Amino acid sequence: MLIWQILIDGFAVSALYALGATGFTLIFGVSGVLNLSHGALMVAAVVAAWVAGGEWGVSSHLGAIFGVLVGFVMSLLTYFAVVRPLQQSSKIREEEKEIFILTATLLWGIMISELIAYLYTNNAKTVLPIVEGVVMLAGVRTPANEVFTSVICWLVIGLLWLLVNRTRAGKAVLAASMNPRGVTLLGVELSWIYVGVWAVYGMLVGIAGVLLGMFLGVSSYSVGPLTASAFSIVVLGGLGSVSGSLIAAYVVGYLETMTAYLVSPAYRTIPALLLLVIVMYVRPRGLLGRR
Amino acid sequence: MKLSDVRCAGAPILTAALVAGAAVLAAMIGSAAQAQTKEPIRIGVISEAQAVAGSSIPLGAQIAADEINASGGVDGRKVEIISYDDHSSSAEAVRAFQRAVNEDHVHAVIASYVSEVVLALEPWAGRLKTVMVTPGAASDVITQNIAKDYEHNKYTFDGYLTSTSIAQLVCDAAKDLLVDDLKMRTAVIMSEDAAWTTPLDARYETCLPEAGLKVLDHIRFSPDTTDFTPIFNKIESVKPDVIITGISHVGTQPTVQWKSQQVPIPMLGVSSQASNSTFWKDTNGATEGVLYNAVSGPDVAVTPKTLSFVAEFQKRFGNLPSYCGYTAYDVVYYLIDAIRRAGSTDGDRLVDALEKTDWVGTIGRVQFMGKDTPNPHSLKVGKGTIAGLMLQWQNGKQVNLWPREVANGKLRFPPFIKVGSAD
């Protein structure tokens, strides 16, 4: 009974972590940007869906779509207003750009979270679930929405895999992550690849955010922890490696769930963080990292 | 007539006008200086503007100040509220407190609903000899510190209930509503790990068995917990009749997941955010059936002052006050009452006067415990002073169920709750 609870609960949480981290690692893999406003974009999507449902009274489906849309728009805004001007600036030295972008996205995230807190207070918001009720899985009463969350997460990850590995545009993205100069020589406009990747990232962030809002709920306080958890999953899995992130998401998700059930919910995050420290010592490039 | 003549002709008039204007101005400055000799009574309010609970504090205080000023102030002195945002950070609150006292020369401070913040401010109230009243922090340690070192800590007053007395009120309500009416026998305590819950849980452990509820398990979780599934599953496995809560900073998650997971056990206890009128919307209605302790409720006439305050708050700010909105409103009134009685804003004389407070506010009759008690400067609790309430969210409304004299509804649970399933 307990084992089934851990398996089912851990699977849903891990799927959510996986989806959140996939976008984060994709952006890093392709454009070398560590987007520290990741958590803020997710929270923006959740709050948008919450506002649509709570304030405007639209249905849970429309609210969720609006949330995803806001995640998408915010992602492109982040790219065009924050990341791209720094990437193209001639005033910043090439080797310093990475740290500039890191700082800029961090500040951008703080601005978004403060704005959300100012407009909608820092109370936690939850998005109206699309599927209500509970189902029995192996004797465990599971919220139907938890099953829905897992299914959507894996569906989206599957679609992303198809997009990257089976389409021409996806292959260009993959190539750009391996050798940006080579791609340019082949006549592919690199900046369009970047825009495309940020657009895909926006969809992922929006979907992950809205699902998180339905499953667990977030507040403007969650911005930091959300970025941190995506960051640690991605570092654990190996920066830039999508499959590494997926494995790491499940390692972290199950480790947390097992701790919560078997030790105490109060220590939930500690073993995963310890594992991260150990991996840093033993294998600094992460589980499947390339660099 | 040439243009230059006009100018010349106009010159004396202009001079006269200037002289007259200067005279008027001088007179105005004079009267302003006179008004300034009637220095306003300044009250600093330190709280978090972005938190629903915190944001009600300056608003409630402002309503009280405006009412006092409209009826002539204190012997012609106006009451002025100066607000500071501390983002619920102890460091920022201490800076705000120093600035309030040293630069803005406030006469008293109303500060925060977070026990950790108030504990950080307590020594500063002593060092700067400035009265500080918290409208919402509950940890017993705040007032225990006064008992330990009265001379230094006497400037602090707790304008809200201590955790221990809150726990006792919860037990009293649980006995009437659950043990006597529904024949419940067992409970699990579920509370967040924070300064205010340590004394709360300690009292729960003793008063629940006294009320007739055997404590089967006691779960403390980190306030930043997001996934409550394991916690609820663990609770369900020991099959209690009721979950007794101690939650405040953790937010909406436990309530939302209790509903989405359809945990068949009712929740009763302290759920600070449930006292906010926005909680229904924040949880998308998941709070239906949640029972929570409070000292006031939107439609509960605790005293003749309660409903008119709520109406004024709603008229001015468009929403209902959180629990510390009520207390902040009361604090301004009894601070001013104490200043009147002391005939001074001097810190020490204000402490003496506040200790003799006997003020009927929005939450009941306010009197402080004496300095020879274990919790000096905490509110007296019980019938005749502050009785406390037990409210339940029903259909988007906060309905009071206990004490029965001021009840305006009947206990009702959502369909997934199975009362008495453990028998």
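The values are calculated or read from the model by the stated rules, or taken from the named source; none is laboratory data. Please read all numbers here as calculations on a predicted model, not as lab measurements. As a convention, Cβ positions derive from the backbone with ideal geometry for all residues, glycine included, and neighbour counts pool all protein chains shown. Heavy atoms of the whole protein, side chains included, go into the accessibility calculation; ligands, DNA and RNA do not. Shrake-Rupley method; radii C 1.70, N 1.55, O 1.52, S 1.80 Å.
Remarks
- In the set (1) at pLDDT 95 or above; (2) under 18 Å from the mean Cα position of the chain (by Cα); (3) open to solvent by less than 10 Å² (accessible area, probe 1.4 Å); (4) β-branched (Val, Ile, Thr), the condition left unmet by B:Val351 is number (2).
- Some residue of the stretch A:196-209 being at pLDDT below 90, away from every other protein chain (no Cβ under 14 Å), crowded, with 17+ Cβ neighbours inside 10 Å and over 20 Å from B:Gln253 (Cβ atoms): no
- Residue-level check: of (1) more than 30 Å from A:Thr142 (Cα to Cα); (2) part of a helix (DSSP H, G or I), A:Ile3 misses just (1).
- Residue check, B:Gly364 on the phi > 0 side of the Ramachandran plot and open to solvent by 10 Å² or more (accessible area, probe 1.4 Å): no
- The set of residues in the stretch B:367-382 that are surrounded by 14 or more Cβ atoms within 10 Å (Cβ to Cβ) and in contact with a Phe, Trp or Tyr (Cβ under 9 Å, 6 or more places away or on another chain) comprises B:Gln367, B:Phe368, B:Pro376, B:His377, B:Ser378, B:Leu379, B:Lys380.
- Positions within the stretch A:18-54 being touching a residue at least 40 places away in the same chain (Cβ under 8 Å), within 14 Å of another protein chain (Cβ to nearest Cβ) and closer than 22 Å to A:Leu76 by Cα, in sequence order: A:Gly20, A:Gly39, A:Met42, A:Val43, A:Val46, A:Val47, A:Ala49, A:Trp50, A:Val51
- Yes/no for A:Glu146 being open to solvent by 70 Å² or more (accessible area, probe 1.4 Å), within 14 Å of chain B (Cβ to nearest Cβ) and under 30 Å from A:Gly57 (Cβ atoms): no
- Within the stretch B:37-89, restricting attention to residues that are among the polar types (S, T, N, Q) and more than 19 Å from B:Gly159 (Cα to Cα), the residue that is nearest to the chain's Cα centre (by Cα) is B:Gln50.
- Test: A:Trp154 is within 10 Å of chain B (Cβ to nearest Cβ), assigned to a helix (DSSP H, G or I) and either touching a strand residue (DSSP E or B) at 6+ places or on another chain (Cβ under 7 Å) or modelled with pLDDT of 90 or more (or both): no
- Residue in the stretch B:231-246 that is least open to solvent (accessible area, probe 1.4 Å), counting only those that are farther than 22 Å from B:Ser163 by Cβ and within 14 Å of chain A (Cβ to nearest Cβ): B:Phe232
For (1) under 13 Å from B:Ser296 (Cβ atoms); (2) open to solvent by less than 20 Å² (accessible area, probe 1.4 Å), each residue gets a yes or a no:
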{"residue": "B:Ile386", "(1), (2)": "yes, yes"}
{"residue": "B:Gln392", "(1), (2)": "no, yes"}
{"residue": "B:Asn400", "(1), (2)": "yes, yes"}
{"residue": "B:Arg404", "(1), (2)": "no, no"}
{"residue": "B:Arg412", "(1), (2)": "no, no"}
{"residue": "B:Pro415", "(1), (2)": "no, no"}
